[in-house]
Structure formats: structure tokens, C-alpha cells
1. Could you compute Rg(Cα) / (2.2 N^0.38 Å) for region 112-156, with N its residue count?
2. Suppose only helical runs count, i.e. DSSP H with n ≥ 4. What mean residue ellipticity at 222 nm does that imply for the chain under -39500 (n - 2.57) per run, divided by all residues and rounded to the nearest 500 deg cm²/dmol?
3. Quick one: Cα centre-to-centre distance for region 84-121 and region 277-335, in angstrom?
4. Rg(Cα) of region 80-127 divided by 2.2 N^0.38 Å?
5. Could you calculate the contour length gain from residue 245 to residue 398, that is, 0.36 nm times the residue separation minus the distance between their Cα atoms, to one decimal place in nm?
6. What Kirkwood radius, in Å to one decimal, follows from the Cα pairs of region 192-252?
7. On a straight-distance basis, which lysines could pair with residue 396 in a cross-link, Cα separation under 22 angstrom, same-chain partners fewer than 8 positions away excluded?
8. Quick one: among 272, 241, 80, which has the greatest mean-square fluctuation in a GNM of the chain with alpha-carbon springs under 10 angstrom?
Amino acid sequence: FGLLEERDPEVAALLLDEVERVRGGLQLIASENFASPAVLAALGSTLSNKYAEGYPGGRYYGGCEVVDRAERLAVKRARELFGAEHANVQPHSGASANLAAYAALLQPGDRMLAMALPHGGHLTHGSRANFSGRWFDVASYGVRRDTELIDYDEVRDLALRHQPKLIVCGATAYPRLIDFGVFRGIADEVGAWLMADVAHPMGLIAARAIPSPVPEADVVTFTTHKTLRGPRGGGILCTAELAARIDRAVFPFTQGGPMMHAVAAKAVAFGEALRPEFAGYARQVIANARALSEALAEAGMRPVTGGTDTHLALIDVRGLGVTGAEAELRCAAAGITLNRNAIPYDPEPPRVTSGVRVGTPCVTTQGLEPRDLREVGALVARAVRDQESAADVRDKVTALLGIHQPYMDQ
Ligand code: PLP
């Protein structure tokens, strides 16, 4: 870092400002985490320089003997961690992993069935604003109005009616477990492939804290930077039968050279997730999310579905007379970072919304415990209810974070 400060003080200052920003407040964005210094070291390595189109033992560039070892290690650890027959660790992101998975299984115009964005699905699950909605014929399922849970009967009816070639399960703002076995049964009934996009909960799955989509799903896509706490990136697991198709769909179909520094950093993160401590972290993430969700409920902020089984809660903020956008702004003023989020059957437009999404990966990595999260819930509710309290809430946030700030030793 000293070198960067000397050569480019402008960028160095910006990096320090970002460290200050995260240390100065509570980070409750459900898709974020604090990767370890070991992961960040691999990301900042000379492996970034190396071109390595292809796969270990079959590259289109010379000099790949070292990066081959890095990729083989990442693949071996991913397969061990998730019990998968095959792993591809090259996707640059979750969206790239989904693009490649669709490319492996579908032709343009083919029909797929996935969760609707306003009900918790991701953009890449068929939104018209995304390639998935433009290039495929997408039917969408949602959650029930009364329970706010996935309506498996509706999924089955839609599958029977539309006969999709691919069914996608997995979501970006769904706080409950997904029954991969039921999805497998529906996919089998209509002869569809089943893909599970577990971008969000993959760290909890790695730790066996929640059920795994392996082996039910034919293809599993994921990100490495959310609950899994690795570098920003994506990955794909699949059956041995689909291995060659998935690999070709990543390279050369949707990507060029892999980012070998990121591949090495993924190997580090998989190694960390294989250690026994990671199971404790994952269990604590869930216990913390439950404590936060309960505290918010007590303070008049309704958790969608009544609670959570995972790392995140989706909160209906209308009880406090605000929109999601207002709640996000008021929390920001009090040093609490979270994001507005549509709730199922939301009457407000996507930029406004009636909800916020909160998650506990960051605060758990920092060492906060359920009793702290109960306090966090009370602080969030106070910041949202009373704009005048922002400065006082900010002070309390600072006191709460005290010894728990990230990257203190670095
Ligand atoms: N799939 C799901 C379910 C997600 O929640 C996300 C990101 O939030 C993605 C895919 C895309 O990941 P990325 O932002 O790395 O492209």
C-alpha cells in the first residue's frame, strides 16, 4: 500500500476512504461481506497478468503451468466443499455464470420458468431489462399473497402448462429455504433441466447450515463474494454428464481469458470454507439474521413471511409510514447501509418500493452476536421512524462497532 500511496496518492486516498466508510457504519447489505486479507492478497497478485484461455492442461497460451495448478486447486476444493461431480471456477460473476448455464442448456427462443423479479428473483431470471428476458421465452412464478412463500402448486401448474426446457430456482430476496427436492420432482415431471441459482446462500450451503441443491439440480450457479466470503466472482457446479457443455459455454462461448488472480482467490476462499470455523460463522449468520428480524418486527417493521431461515430478511416498512427509498435514506443518515427492495405485490414502483432488505454476513464476519443484532434492529427502527435521531443513532452505531471494525490489523 505504501507503494501505491507514493505512486498514485489519489487512488490510495480513495481506497483509504472506502475502508473508513465501512468502518464508520453498519453494513447490512445482504449480498456483501468482508473477504479475508488472504483472499485480498491473492486478488492483488501477479496472477492478474496471465492469459490462460482454455482449461488446465489445454490452454491456448504458453506459460500456464503455474496458473494451471491454481485452477486445479480451486476446482478440487470446490468439488470437495459441495460434493459436486464437476466445478467450473472461471465465471467472472453470478450473472456471467447464469449466462453460461443458459447457453449450455438452451437455444435462443427456448422456454424457461423462473422466479419473477418483483417476488425475489434476480434480473438474470428473465427480466426484460436483461439478456435472459430478451433471448428466452420466460414464464415466471411468484410467492403466494397470503404466506409470501413460493407457491409450489403454482410452479407445477405453470411447468405443466408451459413445458419449459429449463426450470430455475433460487432468488435474490427470498428469506426462506427453497425445497430443491420439490423442484426436482416438477422438473422430472415435465422433462426440464433444473438449475439452482444459489448466488446468495452458497456460504451457508458450504457450511451445511442449510440444505444443498447438490445433487438435485443438474446445474448450480453461485457467486463467491456473498455469504461465501470470497473474491467477487462466480462459479458453476454440474453433473459429470454436463461438464463438457458447461465448460464450453463458459469458454469460449461467453468469456475469454479467465481472471487467474480471482481463480486463486476463489481457491483461498474455498479453503477457508472447508475449515471447521466456517460452520460456526454460517450458523451465526443465520442466528444473527433471526435476531435482527425479530427485533425489527417488535419495532413495527414487518418481516415478509414472518421471519427468516437464512442470512437475510425482507422488511415491509409501511408500518412506519415510509417507503423503502425513504427508509434507505434515513438509515444512511444514521450510518446504517442497507438497500430498498420491492416486497411481494408491492404497490410502489421499483425505484421507491415498500421494503428494505437486510443481511448479516458483514456484521457476523465483524464478530457481532445475536444480542448485538437485537440492538441493531432497534437502531434501524429508530432511524427510520425519527429522522431527528440520526446523529444519536450514528453515535450508538459507532459505540456498538467499537472493537469489531473490519481490517483493523491491516
Ligand atoms: N443471481 C442471484 C440470485 C443474485 O442475487 C445475484 C446478485 O445479486 C446474481 C445472480 C448476480 O451476481 P453478480 O452481481 O455477481 O453478477
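Quick note: the coordinates plus some simple rules give every number you see, no bench work behind them. Values in this document were obtained by computation on a predicted structure and should not be read as measured data. For neighbour counting, all protein chains shown are included, and Cβ atoms are generated from backbone atoms with ideal geometry for every residue, glycine included.
1. Values: Rg = 10.7 Å, N = 45, 2.2 N^0.38 = 9.3 Å.
Cα-based Rg divided by the globular estimate yields 1.14.
2. Numbers: 16 runs with 178 residues, N = 410.
Rounded to the nearest 500, it is -13000 deg cm²/dmol.
3. Using only Cα atoms, the two centres lie 28 Å from each other.
4. On the way: Rg = 12.8 Å, N = 48, 2.2 N^0.38 = 9.6 Å.
Here the Cα radius of gyration is 1.33 times the empirical estimate.
5. Details: separation 153, 0.36 × 153 = 55.08 nm, distance 5.03 nm.
Difference between extended and current length: 50.1 nm.
6. Working: mean 1/r = 0.0831 Å⁻¹.
Taking the inverse mean of 1/r over all distinct Cα pairs, region 192-252 comes out at 12.0 Å.
7. Straight-distance partners of residue 396: none at all.
8. Checking each option, the largest mean-square fluctuation is seen for 241.
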